[in-house]
1. Let me check I've understood the local charge: for Leu70, count other residues with C-beta under 11 angstrom from its C-beta, Lys and Arg +1, Asp and Glu -1. What total comes out?
2. The chain: which GluC sites (Glu not before Pro) are DSSP loop and have at most 11 other beta-carbon atoms within 10 angstrom?
3. Could you give the nm distance between label points at Gln52 and Thr10, where each point is 7 Å from its Cα heading toward the beta carbon?
4. With θ set to phi - 60° and the Karplus curve 6.51 cos²θ - 1.76 cosθ + 1.60, what are the ³J(HN,Hα) couplings of the stretch 66-83 in order, to the nearest whole Hz, using x for Gly and Pro?
5. Rg/Rh for the stretch 12-92 to two decimals, with Rh computed the Kirkwood way over all alpha-carbon pairs.
6. What list of ³J(HN,Hα) couplings, whole Hz, do you get for the stretch 14-22 from phi and the Karplus terms 6.51, -1.76, 1.60, once you set θ to phi - 60° and write x for glycine and proline?
7. If you add up the charges near Gly82, with Lys and Arg at +1 and Asp and Glu at -1, over every other residue whose beta carbon is less than 12 angstrom from its beta carbon, what do you get?
8. Just add up the charged neighbours of Thr9: K/R +1, D/E -1, any other residue whose Cβ is under 14 Å from the Cβ of Thr9.
Amino acid sequence: MHSSAHIQTTQATRIAKRLLNHWKHKFEVAKSSDQLQIMMPTATISLIPQVQALLVHIQLQDTEADLTRLEQVVLDHLIRMGQEPLSAVWQRH
């Protein structure tokens, strides 16, 4: 199962980089020219900065993981990293 959100922000690149740096001490991370990834034990988080938004994809590896809680944890951390109010409407696939 996976979930994605299109989060409106003008500082998508900065927020994504800050979250990657914040979590790189706990989890394996990867960077490419168009996305940043955080590999958690139960899920992979992909952050794709756009001009006016940050695309976030959560791919669960553990079917027992609480996707709703993980969506909220990711959003809470993005808000903290961006120091601005952000909102997400998660689409589950």
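1. -3
2. Listed in order of number, the matching sites are Glu64.
3. Distance between the two pseudo-spin positions: 1.2 nm.
4. Working through the residues one at a time gives 8, 5, 4, 5, 5, 4, 5, 4, 4, 4, 4, 5, 5, 4, 5, 5, x, 6 Hz.
5. Numbers: Rg = 11.9 Å, Rh = 12.8 Å.
Result: Rg/Rh = 0.93.
6. With coefficients 6.51, -1.76 and 1.60, one gets 5, 5, 4, 5, 5, 5, 4, 5, 5 Hz.
7. Details: positive: Arg14, Lys17, Arg18, Arg80; negative: Asp76, Glu84.
Once all neighbours under 12 Å are counted, the net charge is +2.
8. Values: positive: Arg14, Lys17, Arg18, Arg80; negative: Glu84.
Here the charged neighbours net out to +3.
Every number in this text was worked out from the coordinates using simple rules, so none of it is lab data. The structure presented is a predicted model; accordingly, all values stated were derived computationally and were not measured. As a convention, Cβ positions derive from the backbone with ideal geometry for all residues, glycine included, and neighbour counts pool all protein chains shown.
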